[in-house]
Amino acid sequence: KTSISPLRKINKTINSYALSKNKEIETLQKNAEFRREFIADISHELKTPIFAAQGFIHTLLDGAVDDDEVRYKFLKRAAKSLNSLDKLVQDLLTLNQMESGVIKFHFEQFDLKDVLLEVIDELEHKAEKRDVLIRFYYDKEKTFLTSADRDKIFRVCQNLISNAIKYNHDGGEVEVRLNSNKNQQIVDVKDNGKGIPPEDLKRIFERFYRVDKSRSREKGGTGLGLAIVKHILEAHKSKISVSSTLGKGSVFSFSLAADK
Ligand code: ADP
């Protein structure tokens, strides 16, 4: 019987130690790279509304301020850019707090139908402006009880329905469906907008990823909405799914555990 010599044993230990240290270094390098990329992305995103607001204000200072009509138009545009900046910073804070686990989730029992009714009521005005019709289908005889963080789920529904309006064409339709089976309450948000190209579908949940940057910004988007949605649903042991056909529209779905 051959036994491993003490020297070989030591060598083996050293090798596996070196291997694990290498892995640690690799992880640290990846984290540093992630942070660098994140900061580069944020700086770029912050610059856009700041430059825009600066541009409008400098044009006013250069003389446009004397023209009543131009003054009003430019001040309104500068205000819009600052609103985008505010929304971006708020979304960033939310995402950061979620990723670092600072945000606590408060679970309570509620009826998912009530949340959807509230969200639709809040977004009706935005839809009307674009002549978009929101239809809500659910069985009025049923309750759709779940135990979840109500405010966060409100936010999920708000993001999905708001996107379905934003990325729809004027006069389009949004269909919200609430169904249930024995274990789950299931929400589908369908639009008949322009759809999402297959190569972009996987990436739309990444922070700052947009299919059409200028359209998203124009509509006041921060590119963080779906990343936040994904995080919230993960905290509920759920996930978001999407299917889309170019030129026809998209369906975003998620489900929550049903309370008996
Ligand atoms: P944004 O603030 O840009 O709307 P989101 O994270 O909510 O950010 O969405 C990311 C991107 O996914 C959007 O910029 C858009 O390109 C695409 N998207 C999201 N929802 C839809 C939809 N219903 N139809 C088409 N594209 C969508």
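The values are calculated or read from the model by the stated rules, or taken from the named source; none is laboratory data. Since we're looking at a predicted model, the values are computed, not measured. Please note: Cβ atoms are built from the backbone with ideal geometry, for glycine as well, and neighbour counts cover all protein chains shown. To get the accessible areas, we keep the full protein, side chains included, count just its heavy atoms, and leave off ligands, DNA and RNA. Shrake-Rupley method; radii C 1.70, N 1.55, O 1.52, S 1.80 Å.
Is there a residue being within 12 Å of the ligand (Cβ to nearest atom), part of a strand (DSSP E or B) and open to solvent by less than 30 Å² (accessible area, probe 1.4 Å) anywhere in segment 197-209? So that I can check it myself, show each step before the final result.
First pass over segment 197-209, keeping only residues within 12 Å of the ligand (Cβ to nearest atom): 197, 200-209.
Checking which are part of a strand (DSSP E or B) leaves us with none.
Checked segment 197-209: no residue is within 12 Å of the ligand (Cβ to nearest atom), part of a strand (DSSP E or B) and open to solvent by less than 30 Å² (accessible area, probe 1.4 Å).
Filter segment 224-260 down to the residues that are open to solvent by 20 Å² or more (accessible area, probe 1.4 Å), in a loop (DSSP other than H, G, I, E, B) and either near the ligand (Cβ under 10 Å from one of its atoms) or in contact with a Pro (Cβ under 7 Å, 6 or more places away or on another chain) (or both) and list them by number.
Correct list: Leu246 only.
Between Phe38, Phe74, which is aromatic (Phe, Trp, Tyr), surrounded by 12 or more Cβ atoms within 10 Å (Cβ to Cβ) and closer than 30 Å to Val229 by Cβ?
After applying the criteria, what remains is Phe38.
Phe136 passes all but one of (1) within 12 Å of the ligand (Cβ to nearest atom); (2) modelled with pLDDT of 95 or more; which number fails?
Single failed check for Phe136: (1).
Could you look through segment 113-154, keep only residues that are among the basic types (Lys, Arg) and closer than 14 Å to Val189 by Cα, and pick out the one that is most open to solvent (accessible area, probe 1.4 Å)?
Our first condition is that a residue be among the basic types (Lys, Arg); within segment 113-154, this holds for 113, 126, 129-130, 135, 140, 142, 150, 152.
Still in the list and also closer than 14 Å to Val189 by Cα: 113, 135.
Numbers: Lys113: 33, Arg135: 89 Å².
Only one residue tops the list, namely Arg135.
Looking at Arg217, is it in contact (Cβ under 8 Å) with a residue 12 or more places away in the chain, charged (D, E, K, R), open to solvent by less than 40 Å² (accessible area, probe 1.4 Å) and near the ligand (Cβ under 8 Å from one of its atoms)? Before the answer, list the steps.
Working: in contact (Cβ under 8 Å) with a residue 12 or more places away in the chain: yes; charged (D, E, K, R): yes; open to solvent by less than 40 Å² (accessible area, probe 1.4 Å): no; near the ligand (Cβ under 8 Å from one of its atoms): yes.
Here the answer is no, as Arg217 does not meet what is asked.
Report whether or not Gly172 is within 13 Å of the chain's Cα centre (by Cα) and open to solvent by less than 60 Å² (accessible area, probe 1.4 Å). Show your work before the answer.
Details: within 13 Å of the chain's Cα centre (by Cα): no; open to solvent by less than 60 Å² (accessible area, probe 1.4 Å): yes.
Criteria not met by Gly172.
Report, ordered by the first and then the second residue, all pairs with beta carbons closer than 6 Å, sequence separation of six or more or different chains, a first member in segment 62-91 that is without any contact (Cβ under 8 Å) to a residue 60 or more places away in the chain, and a second member that is among the acidic types (Asp, Glu) and open to solvent by less than 80 Å² (accessible area, probe 1.4 Å).
none
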